Each structure stands twice: as structure tokens, then as C-alpha cells.
1. Which residue, 127, 76, 245, tops the fluctuation ranking in a GNM of the chain built on C-alpha contacts under 10 Å?
2. Size of the dipole of the range 134-273 about the Cα centre, Lys and Arg at +1 and Asp and Glu at -1 on the beta carbon, nothing else charged, in debye to 20?
3. With an 8 Å cut-off on Cα pairs and a minimum separation of 6 or more residues, tell me the relative contact order of the chain in percent.
4. Just to be sure I understand: if I project the alpha-carbon convex hull of the range 153-273 onto a plane and average over all orientations, what area do I get in nm²?
5. For residue 128, go through the aspartates and glutamates and keep the ones whose alpha-carbon is under 16 Å away, minus same-chain ones fewer than eight residues off.
6. Output wanted: per-residue J couplings in Hz (rounded whole) for the range 75-86, from phi through Karplus 6.51 cos²θ - 1.76 cosθ + 1.60, θ = phi - 60°, x for Gly and Pro.
7. Based on DSSP loop calls and a cut-off of at most 15 other Cβ atoms within 10 Å, the longest stretch of the chain free of exposed GluC sites (Glu not before Pro) is what?
8. Normalising by the residue count of the range 196-273, find the relative contact order in percent from Cα pairs under 8 Å and 6+ residues apart.
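Derivation of every value follows stated rules applied to the coordinates shown; laboratory data play no part. Just so it is clear, the structure is predicted and the values come from calculations on it, not from any experiment. Cβ sites come from the backbone with ideal geometry, for glycine too, and all protein chains shown count toward neighbours.
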Amino acid sequence: MASISPYGKRFISYLRREQIKRLLATRYRVDGREPERVRSVEIRTGVVKTADGSAEVKLGRTHVVAGVKVGLGQPFPDAPDEGVLVVSAEVLPHASPYTEVGPPDESAIELARVVDRGIRHCGYVDFKKLAVEGGKAYILWVDLYVINDDGNLVDAANLAAVAALKNTQLPAVVKEEQGVKLDRNNKTPLPVDLNKAPIAVSIGKIGSVLLLDPTLEEELSLDGRITFTISEDRIVAAQKTIGAFAPQELEAALDLAWKGRGQYAEFLKNAGI
């Protein structure tokens, strides 16, 4: 297990930061992109054969793997007729120079929460269909593993989770004298509504410039960051992690998020999701 060093995360040379700002003033970035462009996305599903569903996403050099394991257990007391979603995230020790060995820190916990929130509130998975007889429910354990951190883990991890859930096979529920159990030899696809797939879009602010999909160097230079999770034509979640945005900046960030959503949606479509 690993955590992200708060000291390492703060470090970038003054000269490098100033170079990033000067390029942005000309509407270009260190990697050649315009502020309104996300990096190239590669999505593969079924990459973990021991999982009930899995996917890997490469967003530029950022690399995240998601695995889904299906269990059977008690539903939450406040939602007795619904299935359960549990999302966790781990940054592997070799993922970046700023990663330290240890339990998941606040950054990994927040990463899992943002992904969880978007999936839970969009209708992509109909959790009412995951309730079973005998007061039991399916539990979807979604584990996110950061293989390489080159910035914007939230967007990459969200895409990986969405793709992994689309790839998930639900074991059948069989009755026994003692109750119900899962038959892992008999599976059906987890029903998802692709039209409602949640897409997280993170907006960075450096000086007065707003940009999509910040790289790690850009993250170390950010004056502000906000993530919108969009499903169909609505915002289902929003999370500001650093800095402040004036009202007009928020409006511009939201407009930019819709552009990013369209780009990510195209990559999902090309991957059959």
C-alpha cells in the first residue's frame, strides 16, 4: 500500500512553473495541447481474469486499473431494497516519485469518494435491481489501482470504474436451506444504462487560464482545481479540491467541463462503452 507524500506533492521548480505559465499565456501547454484538450485515452476491459469485471485506462501516461468483485451481503439500513457500492483506491508505491509506502492517505480516500459519488447518483447502475431475496443484496466492490501517476487521477479512475462496471458479470443467486448464495459458474452481465454513464471532468486553473486534464507538472502548479461529474445533461457531483474560483470562472469552468465530457464520451464510445 502507498500514500502520496504531502511534501513531494508541493515541489516543482520555480523556473519550470514559470515556463508552464508562459506557455499557457500563448494558449499552449508543455505537452503541446491547447487548454481545451484532454490527452489521448486508451481503454481496455477484461484485463483481470480473477475479477468479475475489470478495465484499465491510460490517460496520457496516467495509468489506472479497476477491478470489480461481486459479493452478497446486507444492504445499507437506509436503503434496504438496494444493492451496495463500495469504492476504494490505492496508489501503488512505484506510481510516482511522490508516493510513499504506507496506508492510503487523504488523497487516495478522496479519489475513491469522488468516483463513488458520481456512480451512486447518476443511475448508471440501478441499485434497486441488485436487491435479492432474504433481505440480502449484491455488493459491488470496485477497487482502483494507480499504476502510474502523471496527473488527473480522478478522470482516469472514473473512466476505469465506468468501464469495469460495464464489463462486470453478476453471479446468479441460488437458494439453499441456509439461505441464498452466489453461483459463480452461472453469470449474467451487470445491467448498466450507458446513456447515464458518469464522466468526471477535472478543470485546473493556473493564473487566469483554465485547462482540462492537468498533467502532474501542471497539478503541482495549480492555483485551483474543480471536478464536475456529468451524466446525460446534468451535473451529478462537483468537488473543489484546491484554490478558489470567482463566479465567472465557475461558469467558464463548467462550459469547459462540457467540452471535456464530449471528448471522454467519444473515447468510451470507441471502446464499446
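1. Among 127, 76, 245, the largest GNM mean-square fluctuation belongs to 76.
2. Rounded to the nearest 20 debye, it is 680 debye.
3. 22 percent
4. The Cα convex hull of the range 153-273, projected and averaged over all directions, gives 10.0 nm².
5. Qualifying aspartates and glutamates at Cα under 16 Å: 78, 81, 82, 193.
6. Calculated HN-Hα couplings, in order: x, 5, x, 8, 9, x, 10, 10, x, 10, 10, 10 Hz.
7. 37-176
8. 31 percent
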